[in-house]
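The values are calculated or read from the model by the stated rules, or taken from the named source; none is laboratory data. All figures in this text were calculated on a predicted structure; none of them were measured in a lab. Note that we place each Cβ from the backbone using ideal geometry, even for glycine, and neighbour counts take in every protein chain shown.
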């Protein structure tokens, strides 16, 4: 049944062999047991263990595959529900039989990570995936509910900017620390065009978004325990707050700076420091010596472009609308121009330390600039916004999808 040999759990980010996956009984009349693995994942309070139906490994003589179903050793009933052996969360089918697509979105405190996640998910579902001939849906009702609770309702109904994300260490009781899991699907395309209309095969990808609080990145200890998903990423989107750069602040009005920031820029960890920690974390986890570069592609992204676009040179490509969705491919000429323009601005503004960290540690990286809320939509003093109309928010993600050979490129 399974062609993959290993999988990465989209909840706890542990890696397992396919044959190690477990089943959970779904018979409501079956006995409940203390679920230590789920309790550890949810809150860690083993004195008050959560209850759940029996979990067990399938009795399979073929060691490299996973059967479609198994029989509960307690009640004998058939079950199709597969769970992670480490945390006992139910595994999406695409995790077991499709490609893992963990995109890490990192950056210091108040760089706009929550706004980026809240808007890019809605754009992927309603616009981007459709333009590329696919679709993206939430993995389960829990993801739908938490997206609306933490992102959708406030951004698109209340028309208010989002609050700063609560640290994972302090949010285990409200579900904010859990990843949002989506399934991105595209029709399989054969190298022989004649066969594209014959089959019904679908390529599915498990897309995982994890909203990390900036303070979770302030030390390598919390990064190692709370952000281990970074090491298994297919790509990293690293958000840069332009307000941390003095050369940028000096060109903006004080009002514009305060409206685009929830914390004093001086209290936020430096982007180059966080990049260094992320790099060390990956190297230590993968036993990668310093002489070798990390092969995870990194999109370095200027966030809050709505606050700084007035100081961008007139005629810059980055001021134009993104062309990728309209072309149904990643347009390399546009990407090249934007990459060069943003890189040039960073050099002009004295962000050499961050650029050096990126160049020394990573073999594949690119620069982007986005606005999650949209140009001329900088939050008002009361936090009010107009409905998000993002500017180039898809660019870094589409570049990562191209680098992972999920979408095609064009000149």
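Taking region 123-144 on its own, how many of its residues are in a helix (DSSP H, G or I) and either touching a residue at least 60 places away in the same chain (Cβ under 8 Å) or loosely packed, with under 13 Cβ neighbours inside 10 Å (or both)?
From region 123-144, those in a helix (DSSP H, G or I) are 123-131, 141-144; that's our starting set.
Those still in the list that are either touching a residue at least 60 places away in the same chain (Cβ under 8 Å) or loosely packed, with under 13 Cβ neighbours inside 10 Å (or both) too: 123-124, 126-128, 131, 141.
The qualifying residues number 7.
Within region 285-299, does at least one residue satisfy the condition of being in a helix (DSSP H, G or I) and either on the phi < 0 side of the Ramachandran plot or modelled with pLDDT of 95 or more (or both)? Scanning region 285-299 turns up at least one residue that is in a helix (DSSP H, G or I) and either on the phi < 0 side of the Ramachandran plot or modelled with pLDDT of 95 or more (or both).
Can we say residue 68 is under 28 Å from the mean Cα position of the chain (by Cα), more than 19 Å from residue 229 (Cα to Cα) and touching a residue at least 40 places away in the same chain (Cβ under 8 Å)? Answer is no for this residue.
Does residue 10 meet the test of being assigned to a loop (DSSP other than H, G, I, E, B), more than 30 Å from residue 187 (Cβ to Cβ) and not assigned by TED's automatic domain parsing to the domain that holds residue 229? Before the answer, list the steps.
On the way: assigned to a loop (DSSP other than H, G, I, E, B): yes; more than 30 Å from residue 187 (Cβ to Cβ): no; not assigned by TED's automatic domain parsing to the domain that holds residue 229: yes.
For residue 10, the condition - assigned to a loop (DSSP other than H, G, I, E, B), more than 30 Å from residue 187 (Cβ to Cβ) and not assigned by TED's automatic domain parsing to the domain that holds residue 229 - is not met.
Here region 250-275 is the region considered, the condition is being modelled with pLDDT of 85 or more and more than 22 Å from residue 116 (Cα to Cα), and the residue that is surrounded by the most Cβ atoms within 10 Å (Cβ to Cβ) is 251.
Give 53, 113 a once-over and let me know the one that is out of contact with any helix residue (DSSP H, G or I) (no Cβ under 9 Å at 6 or more places or on another chain) and closer than 25 Å to residue 138 by Cα. Please lay out each step first, then the result.
Numbers: 113 fails: out of contact with any helix residue (DSSP H, G or I) (no Cβ under 9 Å at 6 or more places or on another chain).
Going through 53, 113 in turn, just one is out of contact with any helix residue (DSSP H, G or I) (no Cβ under 9 Å at 6 or more places or on another chain) and closer than 25 Å to residue 138 by Cα: 53.
Would region 307-324 turn up any residue that is at pLDDT below 95, at positive phi and touching a strand residue (DSSP E or B) at 6+ places or on another chain (Cβ under 8 Å)? No: zero hits.
The sole residue among 86, 108 that is within 30 Å of residue 377 (Cβ to Cβ) and touching a residue at least 40 places away in the same chain (Cβ under 8 Å) is 108.
Residue check: residue 177 meets all listed conditions (1) under 30 Å from residue 377 (Cα atoms); (2) modelled with pLDDT under 85; (3) in contact with a strand residue (DSSP E or B) (Cβ under 8 Å, 6 or more places away or on another chain) but one, namely (3).
Which ones in region 364-378 are in contact with a strand residue (DSSP E or B) (Cβ under 8 Å, 6 or more places away or on another chain), under 17 Å from residue 308 (Cα atoms) and in a loop (DSSP other than H, G, I, E, B)? Of everything in region 364-378, those that are in contact with a strand residue (DSSP E or B) (Cβ under 8 Å, 6 or more places away or on another chain), under 17 Å from residue 308 (Cα atoms) and in a loop (DSSP other than H, G, I, E, B) turn out to be 370, 374, 375, 377.
Taking the criterion of being touching a helix residue (DSSP H, G or I) at 6+ places or on another chain (Cβ under 8 Å) and over 25 Å from residue 236 (Cβ atoms), the residues of region 79-105 that qualify are 82, 85, 88. Considering 386, 408, the condition of being surrounded by fewer than 23 Cβ atoms within 10 Å (Cβ to Cβ) and closer than 14 Å to residue 162 by Cα is satisfied by 386 alone. If we keep just the residues of region 311-323 that are in a helix (DSSP H, G or I) and in contact (Cβ under 8 Å) with a residue 24 or more places away in the chain, which is farthest from residue 343 (Cα to Cα)? Out of the qualifying residues, it is 311.
Test residue 342 against the criterion of being under 24 Å from residue 270 (Cα atoms), in the same structural domain as residue 110 (by TED's automatic domain parsing) and out of contact with any helix residue (DSSP H, G or I) (no Cβ under 6 Å at 6 or more places or on another chain), and give yes or no. It is true that residue 342 is under 24 Å from residue 270 (Cα atoms), in the same structural domain as residue 110 (by TED's automatic domain parsing) and out of contact with any helix residue (DSSP H, G or I) (no Cβ under 6 Å at 6 or more places or on another chain).
Condition check ((1) surrounded by 17 or more Cβ atoms within 10 Å (Cβ to Cβ); (2) in the same structural domain as residue 207 (by TED's automatic domain parsing); (3) closer than 28 Å to residue 203 by Cβ) across all residues:
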| residue | (1), (2), (3) |
| --- | --- |
| 22 | yes, no, yes |
| 25 | yes, no, no |
| 37 | yes, no, no |
| 50 | yes, no, no |
| 53 | yes, no, no |
| 58 | yes, no, yes |
| 66 | yes, no, yes |
| 71 | no, no, no |
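Would you be able to say whether some residue in region 379-388 is free of Cβ contacts under 8 Å to residues at least 12 places away in the same chain and either assigned to a loop (DSSP other than H, G, I, E, B) or not assigned by TED's automatic domain parsing to the domain that holds residue 122 (or both)? Checked region 379-388: at least one residue is free of Cβ contacts under 8 Å to residues at least 12 places away in the same chain and either assigned to a loop (DSSP other than H, G, I, E, B) or not assigned by TED's automatic domain parsing to the domain that holds residue 122 (or both).
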